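The values are calculated or read from the model by the stated rules, or taken from the named source; none is laboratory data. Since the model is a prediction, treat every value here as computed from it, not as a measurement. Cβ atoms come from the backbone with ideal geometry, glycine included; neighbour counts cover every protein chain shown. Calculation scope for accessible area: heavy atoms of the full protein, side chains included, ligands and nucleic acids excluded. Shrake-Rupley method; radii C 1.70, N 1.55, O 1.52, S 1.80 Å.
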Amino acid sequence: RQHRAALSESTALLASVLLDESQPEILSQALDLVRDRTPDLLSIGVRAQSGALLIGLNDHADQWAPGVREESTDAEIVVPLWQEGAQWGSVEMRFVPLRSAGWIGYLQDPSLKLSGFVFAVCCLMFLLYLRRMLRELDPSRAVPQRVRAAYDTLTEGLVVLDRSGSIVLANKSTAKMLGVDDSRLVARSPSEFRWSGIDGCAIARDDQPWQLALASGKAQRDVHLTLENDLGTRYSLRANCSPIRDERNQVQALVISFQDVTELEQRGAALQAAKEQADAANQAKSQFLANMSHEIRTPMNAILGFTEVLRRSGLRSSGDAVKHLDVIHSSGRHLLNLINDILDLSKVEAGRLEAEAVATAPHKIAADVVRTLQERAEQKGLDLVIDFPRALPATIECDPARLRQVLTNLIGNAIKFTEKGRVDVILSMDSVAEMPIYRLDVKDSGIGIPSDKLESVFEPFVQAEASTTRRFGGTGLGLTISRGFARAMGGDIIASSDYGHGTTFSVTLPAGDLTGVEMLEPAALRAALDATAPLADVARWAFPPARVLVVDDGVENRQLVRVLLEEVGLHITEAENGQVALDRIGVENFDLVLMDMQMPVMDGMTATRRLRECGFKLPVVALTANAMKGFERELIAGGFDGFLTKPIDVDALMRDLASRLGGKPVEAASGAAAADADPVAAAHGGFASSLTGMPEPASAADSVPAIDLDLGIDFDLDMPADEALDTATVFAPLTSRLAGHAKLGRIASRFAAQLPGKLVEAEQAAGIGDFEELAALAHWLKGAGGSMGYDELFEPSRSLEMAARGRDLHSVSRHLAELDRLSRRINRGLRQAEPEEVDS
């Protein structure tokens, strides 16, 4: 600006000297030289006072605003010209503007630039100074470096908050959890992050533990939190907040610790999932065992029941038939015991085994078990002896049923594994840490157990030697279950053995408080046992007139119970489901109700509850195939007075009904003689000898040429015997094994007559895809066929039921065809029997 002013003044002086209006060319040349020497000079003009432009260089007239101007700017400078002491005009010089127009021009002002420069330098210096001061004031630097290093190595997150709730100190574990660098946490609040409770719901700011601790001044302990940081990582944390107080007891700071329990929570979730899977598997196993109990016991009900019927009837006197029936009955009982063993094992494994604690006389139970097993021991030529070397209490607190089962298993095993010699049952008292222990030793002179196998024999399905099962049989569950029973009663079973010379199993039970309990000397114990004579088996019963309602959806089961109870003088009425039973009870009077549990329309539990709600007071006894522990409590709670399990134990049924209806045992005589001697007793106590015996089966060789199938098929008698038998078996007539019984044969015939209709219903259900109805029909046929003596129907019926439940139409068709073939064979058997029935 000063340069332009000086140049303008010099140019004005030059113009004053060279000004000549008559010869302006000289001045124009001089001004043109000035313009050339000055790059920023755009145009020059000399204007008279009158406003006339004398000289104009570089289009000055077009660029310069018209009129006389006295004030100058940075871009346009006006300098007056003087001549002879008066102002002649002015020199106008137009330059390149020093700054732009408007506010941009102000910013280009040098003074403003200088001020901005000075301001920027000062800010920079202040920032440097402030950073240095903040660094000196950083609370984290107040902690020594070695302490800070140890602080950062902790896996637990540690945070220090000031009174306002801002972070003043945080270690690296906290920064990792929050997903932020530890240097950027200072002055922030933990509440800025996403916190939620253990249930996944967000936690309000005021409910966060550090806010509660700051507000109340009270520590917050073991608060479970969930954090999801900005990186998307989720943590499960356990927070503890502890206030720090000053000398005036005011909260000055807060220390927070975050314990990462994410892995523990995941393990807990995995364990919970595993537990739920295990519980589900255990429940499935229990349900499977309950179903198997029902499925197996239902056909066994008919097998053992009708076997018992035949054993009690006149068939007892028919030569070899009695041996066959005894074998069937014994084998059925053995199978039932194996089933009970498996069910008991499931209770032991599930930890649901329950034991009572009632006053019990173990010496009487032991003597009773010895008497029961005495015959088995004598059959093997063994001495079975019970001994009392010293005084014993008259009673102790334990479960008599469990103790009886334990002793039965142990003494039965001793007899089984002893070929010669003796089995001793020794009862005594021990004292362990001033606690009286009742001890029962079962000692045999049998094969013994190797020392390395003494504990393994208590494991399920394990026996001492691989050949033991083949040689002696059994499930290998007896000792497992027995030890479970003993431990449920608070005791145990231990084994000791001299291999090859015998084994001793010792049952120890806590005797409990013996205050006031009489101690019996050995002589008194033997005298008491000698005075207790075993009760004779009751084979016949006599009942006063009574009406019994039998409720069961299985026709065969109702008919079986009818045959059993009518033979002892009871009047029977049948009902096929709970609803029919309610209707019958509403219009008829009954003295007792036998109620099945699983029935269509209305089950037994529902029917019994409704009876009790209506004020029905007479006995209701359940008939159930469910043998699972705890089911009896459900029955009692449902209003039942008692229960009998299937297969029906005839003696147990008679004893139970006798206790409720006033029945009395009648001394059993031998076979038909009793019937002839006392017809009334025969009518009420057992079956009359109307059953003359089952026909002896013909040999296979004799039966082949005698078969007449009415199908136009002739068998070649020269073919191999096995091939002829196989062909004959496919088309041979089928007869029920109950056909020889006067009453039961008629029941079996009625079943056989309705079998084709049931198969037609099954085929129709399969044709329309009603698999539930098909499975129900197959289930009925599976149980009813065996009960009615047609055992050949069981397997294909069971397979049909499984195929129906699996919706396997191909297998359904195959099994229906097999059942149809069996039905035709049964029908031929009926046709062959018709002439005999007419003649009879």
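A few points about this structure:
- Cα gyration tensor shape of the stretch 478-533, rounded if a/c is under 1.5, else prolate or oblate by comparing a/b with b/c: oblate
- D by Stokes-Einstein for the stretch 34-83, Kirkwood Rh over Cα pairs, 10 °C, 1.306 mPa s: 136 µm²/s.
- D651/R584 FRET efficiency (R0 25 Å; Cβ-Cβ; nearest 0.05): 0.35
- Given R0 = 35 Å, the distance between the Cβ atoms of A274 and E156 translates into a calculated FRET efficiency of 0.80.
- Inter-centroid distance (Cα atoms) of the stretch 223-249 relative to the stretch 27-85, Å: 82 Å
- FRET efficiency for the pair D74 and Q29, taken as 1/(1 + (r/R0)^6) with r the Cβ-Cβ distance and R0 = 25 Å, rounds to 0.35.
- Modelled spin-label separation between R371 and I104, with each label point placed 7 Å from Cα along the Cα-to-Cβ direction: 12.7 nm.
- The modelled label-to-label distance for the pair C123/E521, using points 7 Å beyond Cα in the direction of Cβ, is 11.8 nm.
- Here each label is just a point 7 Å from Cα along the line to Cβ, and for E9 and D770 those points are 12.8 nm apart.
- Flagged links, alpha-carbon separation over 20 Å, of K617/K646; K758/K782; K380/K453; K420/K443; K285/K453; K364/K420: K617/K646; K380/K453; K285/K453; K364/K420
- With all protein chains in place and ligands, DNA and RNA left out, the 1.4 Å accessible area ranks W82, W103 as W103, W82, largest first.
- Here the Karplus curve 6.51 cos²θ - 1.76 cosθ + 1.60, taken at θ = phi - 60°, turns the phi angles of the stretch 409-422 into couplings of 5, 5, 5, x, 4, 4, 5, 4, 9, 10, 8, 8, x, 8 Hz, with x standing for Gly and Pro.
- Cα shape, the stretch 547-615, gyration tensor, a/c 1.5 rule: oblate
- Gain on full stretching of the segment that runs from R750 to L644 - 0.36 nm per residue minus C-alpha separation: 35.5 nm
- Against the criterion of solvent-accessible heavy-atom surface with a 1.4 angstrom probe, M489, M435, M595 sort, most first, into M435, M489, M595.
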